[in-house]
Each structure stands twice: as structure tokens, then as C-alpha cells.
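In what follows, a structure is listed as C-alpha cells, so that the remarks can point back to it.
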Amino acid sequence: EPEQDEFQIGFSQAMTTDNWRKEMNRAMQVETSMHPGFYLEIKDAQNDVSRQIKQIEELISNEIDVLIVSPIQSVPITPVIEKAMNAGIPTIVIDRKIEGSNYTAYVGANNVEIGKNAANYIVSNSKPNQKLELIEITGLQTSSPAFERSQGFNEVISNQGNMDIVASIAGDWEKTSVGDNLKSILDSVGIIDYIFAHNDRMAMSAWEVARSKNLEDSIQIIGVDGLFGPSGGIQLVKEDVLAATVLYPTGGAEAIKLAVKLLEGDQIDKNNILSTVVIDKVNVEIMQNQFNKMNQQQNDIEQQQSIINEQVATYNSQSNLLKIMVGL
Ligand code: FRU
């Protein structure tokens, strides 16, 4: 239980079923543990908009000091964030956006740029005037990254005279939204050169469909997220499942840093844009080494933290014992 003099950070997470969001939570927990006096509570909305609204209302009535929200969808989550702001609770929006500008700060990568990066990867890996047929698989249309990734991708591709997006699948970020749709599209169109899926999970599903039709060597697949670890995008690029993935950093640590700064009375920027990069065969080894190192450091920090916690617990029980012995 938090003490009176601790700062309460409440985080409303859209869902925690996938590794990208697990990693976001973990990064937040690690970062919070490095700031004594700060306490983080994570509420998991399980991809249910009305649950997310209810949980944010609970955080507001618990009088938390800072609210962090990763909205499932933009429009329906906007009013409850306004409610938090009106209650005097500064609110940091992370990853997916809300409508308007009534929030304290935003943190996340530029999703229009991510879409453009994916398209530019195709442009720079094709010969001039080479005719290319593409398929786009979008994330949930009502969440801002899907809209923005699509916007950036289409902007670049439409300027290429030799490229055509022959089909677009309205996915929902999860694998299950891809399979049957893509199967029937591949049955009805000609040769497809590239598939751009708005995240690596859907890209993986696209590859499974392609393989079931013996097309996995002729269709190049690009995803987004570039997670480190088993079945993450980096591994998929290494295994030649994906031609490339565009890194989408979770921003978990950065969000907590912003919350801490705010509560310590520092000024923070309204827009905190994280950088992104295309990961392909050329740089995948370097990226993996970087993540290995970072991961090792995080594990060290977590281990040290648990040793400290043990020592604090030992100290507390010994000093309680001492108080009893001296009759306090
Ligand atoms: C995780 C996720 C990511 C995607 C992000 C967009 O839940 O689906 O794969 O990049 O959300 O908000």
C-alpha cells in the first residue's frame, strides 16, 4: 500500500494480451522503481472501451497525481480524459491518441512517418519502373496509429507511378483479422510483391497464409513494432519471415519520466516524439545486440531492486522487533 507522501501514477492500459503492451508495462514498472516515493498502478482495460472508461473514472476518484492513458480508440476515450483534466489530474497520452488537445502531454513515435518508412523501404528496394503490386493490412481503423500509418504509406506509394495497392484489409491489430481475408484476396488477384501489415502480429499471419500457398518466397512482408525476444519482429526479420519491420518503441519508460518530472514541478513538452527506424537484413544484427545489452541492464536493475526490497523488508522487521524490545 502506498504511503501518504508517495506520488500516485495511474496507468490505464488498453489491453495486455500482446508482448508489445507487456513490454510497455514492464518498462513503466522498471522506470518507476528507480524513483523512490513514486507508486504505479496499472489497470488493464482488456480491449473493452467501456471498461477503460470505468477504470479511468476509478483512478480519478482515487485522486491519483498523474494519469497515463493508452486509449483503445480515440473518440470514445476523449471525454473521460477531459474529466480527469477538469479534476486537476495532469494526463499523459501514450501510443494511441485522443481527439483534440485537452491533455497534458503525448508520448509516442510518429505513425505517419512509420507508414512512410515502410513505403520508402519498398521504393528503395525496387528497380525504377518495376511494376509492383501491394497489399496493405491496417490496424483497427478507429485507433490513431492505423489511420496515420495508412496515411503515410499511401502518400508515398501514390507518388510512385509503378506501384499499386491492389487490396486493403481492415484488420484489428490481431492475427485473427488477417487469415481468411488474405486467403481469398490472394486467390483473386495476380502476383503480389509486397504486403505491408500495420504490426508484426498481423505480418506474421500474412506470412502463414503466404506459406500455405507456397508464396512465402515471392511475397515480401513488412511489419511494425520490431520487438526484441522470441517471436518478436527482430527475430522474424532474422528468420527471413519478414523482409523488414519498422520499430515502434513502446514509450513506457519515457511516460514515467514525464510523470516524474511533472510531479517534481518541472516543465515538460506537450509532444514527445520517439524515434523510429526500419529494421531489415542490413541492421538486424546490430539492433539485436543493442537490445541484448539493454535487456541485460534492465535485468540487472530489476535484480538489484529486489535485493534492495529484501533489505528494506529485513530492516523494517528488525526495527519493529527492536521497538518491541525497547518497549516503544
Ligand atoms: C499492441 C499494438 C501494437 C501496435 C500498437 C498500436 O497492442 O497492437 O502492435 O503497434 O498496438 O497502438
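Return the only residue of G232, G265 being of a type in the set (G, A, S) and either closer than 19 Å to F11 by Cβ or touching a helix residue (DSSP H, G or I) at 6+ places or on another chain (Cβ under 7 Å) (or both).
Going through G232, G265 in turn, the sole match is G232.
Consider I273 carefully, then state whether it is within 16 Å of the ligand (Cβ to nearest atom) and surrounded by fewer than 21 Cβ atoms within 10 Å (Cβ to Cβ).
yes
For T250, are the conditions met, namely being surrounded by fewer than 22 Cβ atoms within 10 Å (Cβ to Cβ), among the polar types (S, T, N, Q) and within 26 Å of K97 (Cβ to Cβ)?
Considered against the rule, which asks whether it is surrounded by fewer than 22 Cβ atoms within 10 Å (Cβ to Cβ), among the polar types (S, T, N, Q) and within 26 Å of K97 (Cβ to Cβ), T250 comes out as no.
From the set of residues in region 67-119 that are under 22 Å from F153 (Cα atoms) and small (G, A, S), which is farthest from the ligand (Cβ to nearest atom)?
Residue satisfying both the conditions and the ranking: A119.
Does region 150-168 hold any residues that are out of contact with any Ser or Thr (no Cβ under 7 Å at 6 or more places or on another chain) and within 16 Å of H198 (Cα to Cα), and which are they?
Hits for region 150-168 are Q151, G152, F153, N154, E155, V156, I157, I165, A167.
List the residue pairs whose Cβ atoms are under 7 Å apart, where the first residue sits in region 208-230 and is within 29 Å of M24 (Cβ to Cβ), the second is of a type in the set (D, E, K, R) and part of a loop (DSSP other than H, G, I, E, B), and the two are 6 or more positions apart or on different chains.
Listed pairs, sorted by first residue: Q220/D193.
Every residue in region 163-202 that is in contact with a Phe, Trp or Tyr (Cβ under 9 Å, 6 or more places away or on another chain), within 16 Å of the ligand (Cβ to nearest atom) and either part of a helix (DSSP H, G or I) or without any contact (Cβ under 8 Å) to a residue 60 or more places away in the chain (or both), please.
D200, R201, M202
Is it the case that some residue within region 141-160 is touching an Asp or Glu at 6+ places or on another chain (Cβ under 8 Å), among the hydroxyl-bearing types (S, T, Y) and within 14 Å of the ligand (Cβ to nearest atom)?
yes
For G229, only one of the following conditions fails: (1) closer than 18 Å to V178 by Cα; (2) within 15 Å of the ligand (Cβ to nearest atom). What is its number?
Among (1) closer than 18 Å to V178 by Cα; (2) within 15 Å of the ligand (Cβ to nearest atom), the lone unmet condition for G229 is (1).
State the number of residues belonging to region 67-87 that are buried (at least 18 other Cβ atoms within 10 Å of the Cβ) and small (G, A, S).
Looking only at that region, the number is 2.
With the requirement that a residue be assigned to a helix (DSSP H, G or I), within 20 Å of the chain's Cα centre (by Cα) and more than 22 Å from F153 (Cβ to Cβ), what does region 214-273 give you?
Once the filter is applied, which keeps residues that are assigned to a helix (DSSP H, G or I), within 20 Å of the chain's Cα centre (by Cα) and more than 22 Å from F153 (Cβ to Cβ), region 214-273 yields Q235, G252, A253, E254, A255, I256, K257, L258, A259.
Can you name the number of the only condition in (1) surrounded by 18 or more Cβ atoms within 10 Å (Cβ to Cβ); (2) modelled with pLDDT under 95 that T104 fails?
(2)
Please enumerate the residues belonging to region 9-66 that are in a strand (DSSP E or B), away from the ligand (no atom under 11 Å from the Cβ) and buried (at least 18 other Cβ atoms within 10 Å of the Cβ).
Of everything in region 9-66, those that are in a strand (DSSP E or B), away from the ligand (no atom under 11 Å from the Cβ) and buried (at least 18 other Cβ atoms within 10 Å of the Cβ) turn out to be I9, G10, F11, S12, F38, L40, D44, V66.
What are the residues in region 257-285 that are over 24 Å from G108 (Cβ atoms) and of a type outside the set (K, R), if any?
G265, V282, E285
Given K261, K238, K257, K293, which one is modelled with pLDDT under 95 and of a type in the set (D, E, K, R)?
K293
The values are calculated or read from the model by the stated rules, or taken from the named source; none is laboratory data. Treat the numbers as computed from the prediction; the structure is a model and nothing was measured. So basically every Cβ, Gly included, is an ideal-geometry build from the backbone, and we count neighbours across all protein chains shown.
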